[in-house]
Amino acid sequence: MAIRIKFVGVNSIKFNQRFKDDACCYEYLASIKWEQGYKCKRCGCLKYGKGKKAFSRRCIKCDRDESPTAGTMFDKCKIPLLLAFHIAFKISTKKKGMSSLELSKEFELRQKTCWEFKWKIQQAMQSSKQYKLEGEVHVDEFFIGGPEKGKRGRSKGEKRLVILALEKVTDGVGRAYAQIIENASAEQIIPFFDNYISKEAKVITDEWKGYVPLKTKYLNLKQVPSGDGENFPEIHLHIMNLKGWIRGIHHHCSEERLQGYLDEYHFRYNRRNTMHSIFDTLIQRMVAYEPKRLNNPAT
Ligand SMILES: [Zn+2]
């Protein structure tokens with residue numbers, strides 16, 4: 001089995017040296033796709049010869065030809081592969097990512113094309129839900145979108161309600177996850193906890209009654225008065241930064257799209273101390289996941 005040479009780092013000069021043309025990118029995708037070895041998807045044969053295109057593989061038994069992009073997020077991509085790699089590199093390594101408008105200007109592509117590709121990237125940035133938050137975890141909900149002023153409430157209006165969990169570690173904050181919820185009922189809150197927070201975590205929430213039923217599962221859950229946010233300074237700073245970022249890139253978007261932005265933000269945020277491997281992680285995910293169609297691509 002060949003050893004895969006991962007691209008490491010955030011240096012664009014090194015990136016340009018490694019990925020000079022489409023062939024370099026096909027080779028990279030092939031090395032990820034068949035890292036654990038080749039197996040024909042039709043007949044299960046483990047032996048292959050050269051396929052039609054460069055870096056494609058053809059089953060020696062049944063002749064099935066498979067390209068490195070088949071069944072990945074790069075399949076039938078409207079953007080040349082080298083540009084697609086550049087976009088994935090920029091979005092993953094730039095602190096604030098890049099909007100589809102910025103991408104279309106920089107790479108001379110239609111904004112809609114950039115927007116569609118960025119949507120795929122955001123899907124690849126969804127949490128794997130494998131690494132739950134541990135230790136001290138603060139949870140809060142907030143509204144996003146719509147006018148900033150207005151009374152504080154938990155009912156659903158024009159704004160969308162988001163629940164956020166943030167890990168507190170000795171020297172600051174650790175990872176965070178956020179999800180749109182319909183309302184702040186226990187029914188909506190419980191799946192978020194199940195997906196993102198370890199049962200052993202010391203969870204701290206405000207005194208909202210929606211959290212009470214969770215105490216049977218999360219034995220270390222503690223409710224404290226929020227004191228208008230003063231008791232949760234880290235999570236409030238995080239929410240402020242997240243809202244500022246979203247406000248800076250778009251004014252309104254569909255619920256499906258908003259979740260994409262929340263995923264994008266936290267994919268980068270949770271890797272801020274391990275940025276060297278962020279591009280490779282993103283490409284691995286884009287090879288492993290098939291894109292889901294967006295229901296409402298108009299917004
Ligand atoms: Zn075969």
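The values are calculated or read from the model by the stated rules, or taken from the named source; none is laboratory data. All values derive from a computational prediction rather than experimental measurement. Here the Cβ positions follow ideal geometry from the backbone for every residue, glycine too, while neighbour counts run over all protein chains shown. Surface accessibility is based on the protein's heavy atoms, side chains included, excluding ligands, DNA and RNA. Shrake-Rupley method; radii C 1.70, N 1.55, O 1.52, S 1.80 Å.
Observations
- Principal-axis analysis of the Cα atoms of the chain puts helix 278-288 at an angle of about 70° to the longest axis.
- Gain upon complete extension [I249, R272; 0.36 nm per residue less C-alpha separation]: 6.3 nm
- Note on K76 and E182: with the Förster distance fixed at 30 Å, the Cβ-Cβ geometry gives a FRET efficiency of about 0.35.
- Sorting 194-206, 256-268 by their mean Cβ neighbour count within 10 Å, with the most densely packed peptide first, gives 256-268, 194-206.
- Between 0 and 90°, nearest 10: helix 186-196 axis offset from the chain longest Cα axis: 50
- Distant-in-sequence amide H partners of I197 (H built 1.01 Å from N, under 5 Å): L133
- Straight-line cross-link reach from K105 at under 17 Å between alpha-carbon atoms covers these aspartates and glutamates, not counting any fewer than eight positions away in the same chain: E116.
- You can think of it this way: the chain between E290 and E134 has 53.2 nm of extra reach, that is 0.36 nm per residue less the Cα-Cα gap.
- Solvent-accessible area assigned to carbon and sulfur over the chain amounts to 51 percent, based on a 1.4 Å probe.
- Accessible-area ranking of Y131, Y289, Y269, largest first, probe 1.4 Å: Y131, Y289, Y269
- For the chain, averaging the sequence separation of C-alpha pairs within contact (under 8 Å, six or more residues apart) and dividing by the residue count gives a relative contact order of 21 percent.
- Mean projected area (nm²) of the alpha-carbon convex hull when region 166-277 is viewed from all directions: 8.3
- All Cα pairs of region 38-134, percent lying beyond 21 Å: 50
- The order of V10, V173 by accessible area, most exposed first and with a 1.4 Å probe, is V10, V173.
- Base-10 log of normalised Debye intensity for the chain (one unit scatterer per alpha-carbon) at q = 0.11, 0.13 Å⁻¹: -0.75, -0.98
- Once all protein chains are placed together, R18 keeps about 80 Å² accessible to a 1.4 angstrom probe.
- Ordered from largest to smallest accessible area (heavy atoms of protein chains, 1.4 Å probe), the residues T170, T72, T93 come out as T170, T93, T72.
- C-alpha long axis of helix 81-93 to longest principal axis of the chain, angle in °: 30
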